[in-house]
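**Q** So that we are looking at the same thing, I have put the structure below in structure tokens.
The values are calculated or read from the model by the stated rules, or taken from the named source; none is laboratory data. As the structure is a computational prediction, the values presented were derived from the model and not from experiment. Neighbour counts are summed over all protein chains in view; Cβ atoms, including those assigned to glycine, are modelled from backbone coordinates with ideal geometry.
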Amino acid sequence: MCRIFFSFISSLFLVLVLAAAPICAQKLFVFDFNSTLADTSNQRVPLVELEKPGKFLVDTIKELGGYPKKVYHFGLNSGLGFDNAEAGNPIREGFSVELYFKLEMYNAWKRVLDFKNEKSDTGPYIYLRKVAFYKYGSADMPPIQPGNYVHYVLTRDSATRFTSIFVNGNLIYKFKDSLKLAVLDNHNFLNLFHDNLSIGNEASDGKIALLKIYDHVIAKEIIKDNFNQILPLFKQLAIRPPAPKPKPEIIVKGNIVDKRNGAPTPANIRFERTVDNSLVKSVDNNAVSGDYSLKLRAGSQYYFSASAKGFMGYTDVLDLSYADGSMPVVKDIELSRIEVGKTVTLNKIIFKQGIAEMMPQSFAELDKLVVMMKENAKMEIELSGHTDNQGNAKMNVQLSEERVKAVKDYLVSKGIDKKRIDGKGYGGTKPISSNATEASRKLNRRVEFVIKKY
């Protein structure tokens, strides 16, 4: 009886734990090359053509009983690229890439994927019809025939670093990626089939009918099932409506100078999506002229920030929701030097209503302050919390003090010595705007810091 009761309690506990566990949405990009390089959701970035543009055509796939499928044909030393940063970074240290493709030649090393953006010969190949990953090794079976379509899946586990390659549903080669050769470099760009390094004849022309990119490792049972379900998937995708035209790329450019004297200032500029704070682009401006230029996809809003040693960080919002690409967007930036007595408002710190718990989108703003304090090790600050004048004045002071403490605790958790941070809550006693309307009251609800020592 005791054992039965214990078993019941254990089962109940497991159910409660599972029910309480957070469910994280997993990302999946699917490209079926039905006359477009966009993914099937039509919400993210399309693939980029490398070297010579390819073409879409209908190929009769004998491996699927002669099924006629629209595919993308790429030429010799050409191929496709996936901009991981612009897609929200689905490829990190744990991921899966699934392809259904064929190459016309296997007479030497033939590139499949390139994680190092043409700076290294390492990575997945097909070597004399065998699956290989240079510099780790190769598998002898099964032989892959020129002109035959193959279902190819590469997975990498972030915890164990084990990397596995499956062909036609079967595990063919597995190794431990101790050197992180299957991890994207700082260009954050995945190339497919393209190989234009000094060693020639390491690429083939061919055709690709399917590409899937997962931000997680898919199980071997799913890989087997995906291989068996290729034909039904193609038939299902073939009946969807035509893809809308992808959003244009917008040129964003400007100049970064010292606000005090107008001199060009070397700086780093970062663009992040406002919806999830994911990094899209990070570039350095020209140290001599102060100029910068880059491209961003229209249809979104972005946080952009500029940072330079000895200067206050700069943040703003860039709205490209309705930009059409007809004209570049110019964003000139003046950076203020770090000076004792300067007051800075942390514009993106957001708290839950009526309490001192920060929303997750606040952390990116505080992380920038962490970086600035680490780069300037003698810098000391005083935080100040403010509310509007609505409600009980005493409770507003208490709430502002609790919010200052929450910000200080976060900075300390990131390695900043608590002795370098002072703080006080003022409630609604120091407004910077009228409290007559909600819009003006919002300006008064803020967290600021004053530089006390530098």
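**Q** Suppose the filter is surrounded by 14 or more Cβ atoms within 10 Å (Cβ to Cβ), among the small types (Gly, Ala, Ser) and under 18 Å from the mean Cα position of the chain (by Cα); does Ser278 pass it? Before the answer, list the steps.
**A** Values: surrounded by 14 or more Cβ atoms within 10 Å (Cβ to Cβ): yes; among the small types (Gly, Ala, Ser): yes; under 18 Å from the mean Cα position of the chain (by Cα): yes.
In short, yes.
**Q** Given the residues Lys235, Lys247, Lys253, which is the only one that is surrounded by 14 or more Cβ atoms within 10 Å (Cβ to Cβ), more than 18 Å from the chain's Cα centre (by Cα) and not in a strand (DSSP E or B)? Quick ask: steps written out before the conclusion?
**A** Values: Lys235 fails: surrounded by 14 or more Cβ atoms within 10 Å (Cβ to Cβ); Lys253 fails: not in a strand (DSSP E or B).
When all the criteria are applied, what remains is Lys247.
**Q** Let me ask something else about it. Restricting to segment 46-74, what's the tally of residues that are assigned to a loop (DSSP other than H, G, I, E, B), surrounded by fewer than 18 Cβ atoms within 10 Å (Cβ to Cβ) and out of contact with any helix residue (DSSP H, G or I) (no Cβ under 8 Å at 6 or more places or on another chain)? So that I can check it myself, show each step before the final result.
**A** Of segment 46-74, the ones assigned to a loop (DSSP other than H, G, I, E, B) are 46-47, 51-54, 65-66.
Still in the list and also surrounded by fewer than 18 Cβ atoms within 10 Å (Cβ to Cβ): 51-53, 65-66.
Going one step further and asking which of them are out of contact with any helix residue (DSSP H, G or I) (no Cβ under 8 Å at 6 or more places or on another chain), we end up with 51-53, 66.
So the answer is 4.
One line per residue, one yes/no per condition, for (1) charged (D, E, K, R); (2) farther than 19 Å from Val280 by Cα; (3) more than 19 Å from the chain's Cα centre (by Cα):
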residue	(1), (2), (3)
Asp32	yes, yes, yes
Leu47	no, no, no
Leu57	no, yes, yes
Gly65	no, yes, yes
Lys70	yes, yes, yes
Gly81	no, no, no
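**Q** Let me ask another. One residue is enough: does segment 161-178 have a residue meeting the conditions within 21 Å of the chain's Cα centre (by Cα) and over 30 Å from Leu237 (Cα atoms)?
**A** Looking through segment 161-178, at least one residue is within 21 Å of the chain's Cα centre (by Cα) and over 30 Å from Leu237 (Cα atoms).
**Q** Now, a different point. For the structure I just gave you, tell me whether Gln301 is of a type in the set (S, T, N, Q) and closer than 30 Å to Val153 by Cα. Steps first, answer last, please.
**A** Values: of a type in the set (S, T, N, Q): yes; closer than 30 Å to Val153 by Cα: no.
So Gln301 does not fit the description; no.
**Q** Within the group Lys394, Lys418, Lys408, Lys374, which residue is over 23 Å from Thr315 (Cα atoms), of a type outside the set (Val, Ile, Thr) and under 33 Å from the mean Cα position of the chain (by Cα)? Steps first, answer last, please.
**A** Values: Lys394 fails: under 33 Å from the mean Cα position of the chain (by Cα); Lys408 fails: over 23 Å from Thr315 (Cα atoms); Lys374 fails: over 23 Å from Thr315 (Cα atoms).
On inspection, the qualifying residue turns out to be Lys418.
**Q** Within segment 343-354, identify whether any single residue is modelled with pLDDT of 90 or more and either among the small types (Gly, Ala, Ser) or closer than 15 Å to Phe449 by Cβ (or both), and answer yes or no. Can you show your working first?
**A** As a first pass, look at segment 343-354 and keep what is modelled with pLDDT of 90 or more: none.
No - not one qualifying residue is present in segment 343-354.
**Q** When segment 333-377 is examined, which residues are found to be of a type in the set (Lys, Arg), under 18 Å from Ser413 (Cα atoms) and in contact (Cβ under 8 Å) with a residue 60 or more places away in the chain?
**A** So in segment 333-377, the residues of a type in the set (Lys, Arg) come out as 337, 342, 348, 352, 368, 374.
Now drop any that are not under 18 Å from Ser413 (Cα atoms), which leaves 368, 374.
Lys368 - this is the single residue of segment 333-377 that is of a type in the set (Lys, Arg), under 18 Å from Ser413 (Cα atoms) and in contact (Cβ under 8 Å) with a residue 60 or more places away in the chain.
**Q** Within segment 290-305, is there a residue that is at pLDDT below 90, outside the structural domain of Glu365 (by TED's automatic domain parsing), surrounded by fewer than 16 Cβ atoms within 10 Å (Cβ to Cβ) and in contact with a strand residue (DSSP E or B) (Cβ under 7 Å, 6 or more places away or on another chain)?
**A** Scanning segment 290-305, I find no residue that is at pLDDT below 90, outside the structural domain of Glu365 (by TED's automatic domain parsing), surrounded by fewer than 16 Cβ atoms within 10 Å (Cβ to Cβ) and in contact with a strand residue (DSSP E or B) (Cβ under 7 Å, 6 or more places away or on another chain), so the answer is no.
**Q** Just one of Leu411, Leu383, Leu399 is under 30 Å from Ile269 (Cα atoms), in a helix (DSSP H, G or I) and at pLDDT 90 or above; which is it? Working first, answer last.
**A** On the way: Leu383 fails: in a helix (DSSP H, G or I); Leu399 fails: under 30 Å from Ile269 (Cα atoms).
Every option except Leu411 fails the conditions.
**Q** Now a separate question. Among (1) in the same structural domain as Lys102 (by TED's automatic domain parsing); (2) of a type outside the set (Ser, Thr, Tyr); (3) at pLDDT below 90, there is one condition Ile23 misses while meeting the rest; what is its number?
**A** Unmet for Ile23, out of (1) in the same structural domain as Lys102 (by TED's automatic domain parsing); (2) of a type outside the set (Ser, Thr, Tyr); (3) at pLDDT below 90: (1).
**Q** Residues of segment 275-303 being in a loop (DSSP other than H, G, I, E, B) and within 13 Å of Glu86 (Cα to Cα), which ones? Write out each step before concluding.
**A** Of all residues in segment 275-303, those in a loop (DSSP other than H, G, I, E, B) come to 275-278, 285-290, 298-300.
Listed by number, the residues that qualify are Asp276, Asn277, Ser278, Ala298, Gly299, Ser300.
**Q** A follow-up question, please. Within segment 410-431, count every residue that is touching a Ser or Thr at 6+ places or on another chain (Cβ under 8 Å) and closer than 14 Å to Asn376 by Cβ.
**A** Of the residues in that region, 0 qualify.
**Q** From the residues in segment 132-167 that are in contact (Cβ under 8 Å) with a residue 12 or more places away in the chain, assigned to a loop (DSSP other than H, G, I, E, B) and among the charged types (D, E, K, R), which one is surrounded by the fewest Cβ atoms within 10 Å (Cβ to Cβ)?
**A** For segment 132-167, the residue satisfying everything is Lys135.
**Q** Among Met327, Met312, which is the only one that is out of contact with any strand residue (DSSP E or B) (no Cβ under 8 Å at 6 or more places or on another chain) and among the aliphatic types (A, V, I, L, M)?
**A** From the options Met327, Met312, the qualifying one is Met327.
**Q** Only residues that are of a type in the set (A, V, I, L, M, F, W, C) and surrounded by 15 or more Cβ atoms within 10 Å (Cβ to Cβ): list them for segment 317-339, please.
**A** Pass one, segment 317-339, residues of a type in the set (A, V, I, L, M, F, W, C): 317-318, 320, 323, 327, 329-330, 333, 335, 338.
Leu318, Leu320, Ala323, Val329, Ile333, Leu335, Ile338, listed by residue number.
**Q** Still on this model: Among the listed residues Leu47, Leu99, Leu57, Leu113, identify the single one that is assigned by TED's automatic domain parsing to the domain that holds Gly206, within 14 Å of Asp205 (Cβ to Cβ) and either β-branched (Val, Ile, Thr) or touching a strand residue (DSSP E or B) at 6+ places or on another chain (Cβ under 7 Å) (or both). Please lay out each step first, then the result.
**A** Working: Leu47 fails: within 14 Å of Asp205 (Cβ to Cβ); Leu99 fails: within 14 Å of Asp205 (Cβ to Cβ); Leu113 fails: within 14 Å of Asp205 (Cβ to Cβ).
Unique residue meeting the criteria: Leu57.
**Q** What's the total number of residues in segment 103-131 that are of a type outside the set (A, V, I, L, M, F, W, C) and in a strand (DSSP E or B)? Give the steps one after another, and end with the answer.
**A** At the first step, the residues of segment 103-131 found to be of a type outside the set (A, V, I, L, M, F, W, C) are 104, 106-107, 110-111, 114, 116-125, 127, 129-130.
Still in the list and also in a strand (DSSP E or B): 110-111, 114, 123-125, 127, 130.
Residues that pass the stated criteria total 8.
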